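Engineer: There's a structure below that I have some questions on.
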Amino acid sequence: MKRVTAAANCHLSQALADSTWRSLESVHRRMLQFKWNWEAQSGQEIDVPTAVVLWLSRKMLGEPGRKPIICSSALQYMQDLKSAQRRFGTPIGDSQIVRDFERSLRRQGAMRPKRQAALRDIRKALGPQASTDVGLAIALAWAGAARVSDVIRLSVGDITWEDGYVAVNWSQTKSDPFRLGVTTGLVLSQEWSEVLRRRTNGRAASEPLLSATYPRIKAALKRVRPELSCHSIRRGALFRLLQKGLHLEAIRQVSRHSCLDALVRYLPAGKLAIARETAVTAGHLIINSGSDL
């Protein structure tokens, strides 16, 4: 049976995926193991917030046999541990030592959007060097602000052509552990609409839509900028929607995040202005980002 988050601001139907639960549990367990080892070796008891700061500081300096982590990774660990606090009762959120450590990470540039893909990056990735399959995967991920892993799991039957847009049924996504599915309408450029039509015409609904793999898509992005990853597409696409003036709640529906707290991690601080309403047609949220490609 799937576990459901207890956070009041999260939607029941969009509960945390099992993989997210496992990740939180793993980080929480490793931090506690560090605390226990420290106490056993030093003979002194330390509280959980102090253990968190010591553990992350040790990881940033470099543990034996491991490379040191950068400050943005340390901040991500901190955010995961805060999530663990809400679910497993680890008291770290209100601690002064944790707040000071977090502030120092941000001063070191942990929140700079280094891995956020811009529209120009996507256009370069869709250049002649990219195969048609890889290009279509990138175009769909950008147009739907979707995870690349969700795009490559699409089947032909998940695509439905409507008047002026294509309806995509996201039936297997990380943020939908109950497999309820959600459909969004994507407006693609004429070029990629034609490519998608050729991919769907005359094929069985159960066939995979794409043969592109995660490493091939990642390689196409690395050719543009070495710091880009597959998740850079999703981050950049969500920021693009914010620039277009969508409400945060509308962006959350597009991204299929469980709650707004999870969404705002993806958006640059200080740029969370909210503007116009989002169009809804035939029960679908229509996203007009892919037409820029």
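Engineer: Show me, for the stretch 136-150, the HN-Hα J-couplings you get by feeding each phi into the Karplus relation (A = 6.51, B = -1.76, C = 1.60, θ = phi - 60°), rounded to Hz, glycine and proline as x.
Structural biologist: Values, residue by residue: 5, 4, 5, 4, 5, 5, 5, 5, x, 6, 9, 6, 4, 4, 6 Hz.
Engineer: Taking amide hydrogens as modeled 1.01 Å from N in the peptide plane, which residues meet the under 5 Å criterion relative to Ser155, leaving out close sequence neighbours?
Structural biologist: Those lying under 5 Å, H to H, from Ser155 are Leu209.
Engineer: Taking a 24 Å limit on the Cα-Cα distance, which of the listed pairs Lys222/Lys244; Lys67/Lys124; Lys82/Lys218; Lys59/Lys222; Lys82/Lys222; Lys124/Lys244 fall beyond it?
Structural biologist: Working: Lys222/Lys244 26 Å; Lys67/Lys124 32 Å; Lys82/Lys218 30 Å; Lys59/Lys222 26 Å; Lys82/Lys222 31 Å; Lys124/Lys244 21 Å.
Too far apart for the 24 Å limit: Lys222/Lys244; Lys67/Lys124; Lys82/Lys218; Lys59/Lys222; Lys82/Lys222.
Engineer: Okay, next question. So if we plug the beta-carbon distance of Arg22 and Asn169 into 1/(1 + (r/R0)^6) with R0 = 41 Å, what FRET efficiency do we get, rounded to 0.05?
Structural biologist: The formula returns an efficiency of 0.95 here.
Engineer: Give me the distance in nm between label points sitting 7 Å out from Cα along the Cα-to-Cβ direction at Lys244 and Arg198, one decimal.
Structural biologist: Reported label-point gap for Lys244 and Arg198 is 2.5 nm.
Engineer: With the Cα gyration tensor of the stretch 172-246 giving a ≥ b ≥ c as the square roots of its eigenvalues, does the rule (a/c under 1.5 for rounded; else a/b larger than b/c for prolate; else oblate) give rounded, prolate or oblate? Present the calculation step by step, with values, prior to reporting the outcome.
Structural biologist: On the way: a/c = 1.39, a/b = 1.22, b/c = 1.14.
Because its axes are fairly even, with a/c under 1.5, the stretch 172-246 counts as rounded.
Engineer: Could you give the dipole magnitude of the stretch 49-157 about its Cα centre, charging the beta-carbon of Lys and Arg +1 and that of Asp and Glu -1, in debye to the nearest 20?
Structural biologist: 260 debye
We did not get these values from a lab; they are worked out from the coordinates using the rules stated. These numbers come from a predicted model, not from an experiment. Ideal geometry is used to build each Cβ from the backbone, glycine not excepted, and the neighbour counts take in all protein chains shown.
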